[in-house]
Amino acid sequence: MHRSEPLLSRGPGWPHNDAVTTTLPTRSAFDEPVENPPARWVGALVLLNLGVMAGWFGPIQVLLAQQADRVAAAEPGGMSKEALLAVVLFSGAAVSMFANPVWGAFSDRTRSRLGRRVPWVLGGVVLGAASLLLLSVADSAASMIIAWSLVQLALNAAWAGGVAAVPDQVPVERRGLIGGLVAIAGTVGVLVGIKIAEVTGSIAQGYLVTAVVMLVLSVPYLVGSRDLALPADHPLEPMDWKRLVRSFWVSPREHPDFAWAWLTRLLVNLGNWIALNYLYYFLTDGLGFGDDDATAKLGTLVLIYGVCTVATTVVVGHWSDRVGRRKIFVIWSGVLIGASSLVLGLWQDWPGALLAAVVLGAGFGVYQAVDFALITQVLPGAGDRAKDLGIINIASALPQVLAPAIAGLILVVVRELGGSVATHGDGWSLGYGVVYLVGFVLCVLGSVFVTRIRSVA
């Protein structure tokens, strides 16, 4: 049963315009959804995520590296470009790790005519675009760090509001398909962001075009979100920061499935990022490619990975919905992700890298779609969906901080013990073999622990 209501609830002084309407369900914001959202809503959500991911990963993959090179060259005696880029990325990842659950918690308790999520999506993309423009004129290490941290702060608000829309609006039996479509948007968004950076011709233009694309792609969702407002009689306690911080601890004893889901995501993502962070150096030092060749080879691997991700994500997400099972797909996709690391570690040549890209793309496509659907089924409560998804996001963001340190430490230890690290295509690198073996073990452990989740088939 549905009724047609204005998208913006009109009170006194609002102009009367019957053309601006959308179909909103009559259920409460805390009810589990039982009816499938319309295709136009799904499309709008996909576009929103595509824009946000382009805003995130376009700078990470290309623009920030170019900018760090320029800033480091202009500051003699300062940090090297590699060190500056590492500090900028670390700062952004640290902000992301904590901002996401905080914005999610605010979203859960927002009382607005627009609903709980839309104000944060709107504010996030607008402030994110402004922060990208600020980043475009950053000409020092400090200004780069501050501007990129602001980008992360803002875009995490948009992401927290947008991702919570899936458990808010999509029935459990459709979340594999919708999660797959959103995951594809993330993969395509990365490729779009990289392509914008490549074709615009300058760092400033790259940031400007990225900001515009992100804003434009968010519009369909903002005007047709179907977001539900909090019930008028729902009590909201005054904001208590101590209580908010304490709410980020979800007791494993009381919610064991949520805890296992968090741990499995942490391990699989840590294994994945340990393998990926030093892939460029693996191509140059381990396989002996020159800088230009390594860049081109890395682009080829990313393209293969992206195609395989897109090819498997929706198909397997829909398959998971049809059979009503999640764990078996998450388990084997984690094993596939780990297997890609094992291929790189044991088969250290270009054909091995190509095979690893295929295996990783297939595994990660399945993992993104079905693991997200599984997570939405183990959330502790409907009232804190965005905050709890933000806590889950820590398991995705924390590995980005830890993985470079772990992989770098492994390579240093192997070098100090007299093992080979840089083979330049001649022989087998013990250092990278150990790095990729560790990635494999972590992914397999994450897959094994999925079996401890009891409430989801």
Highest to lowest packing among 401-408, 161-168, scored as the average C-beta count within 10 Å: 161-168, 401-408
With at most 16 neighbouring Cβ atoms within 10 Å, loop GluC sites (Glu not before Pro) (DSSP) excluded, longest segment of the chain: 36-253
Segment LEU355-ALA74, length gained on full extension (0.36 nm per residue, minus Cα span): 97.1 nm
Dipole magnitude (debye, nearest 20) for the chain, charges at Cβ of Lys, Arg, Asp, Glu: 1200 debye
Computed E for GLU416/VAL216 - FRET, C-beta separation, R0 60 angstrom, nearest 0.05: 0.70
Rounded tilt (10° steps) of 430-450 against the dominant C-alpha axis of the chain: 30 degrees
Cα-based helix-to-principal-axis angle, 350-376 vs the chain, degrees rounded to 10: 20 degrees
Helix-only mean residue ellipticity at 222 nm for the chain, each DSSP H run of n ≥ 4 adding -39500 (n - 2.57), per residue, nearest 500: -24000 deg cm²/dmol
At most 16 other Cβ within 10 Å, DSSP loop - chymotrypsin sites (Phe, Trp or Tyr not before Pro), the stretch 348-457: TRP428
Amide N of the stretch 70-97 lying under 19 Å from the label point, which is placed 7 angstrom from the Cα of GLN205 along Cα→Cβ: 70
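We did not get these values from a lab; they are worked out from the coordinates using the rules stated. What you are looking at is a predicted structure, and each value in this text was computed from that prediction instead of being measured. So basically every Cβ, Gly included, is an ideal-geometry build from the backbone, and we count neighbours across all protein chains shown.
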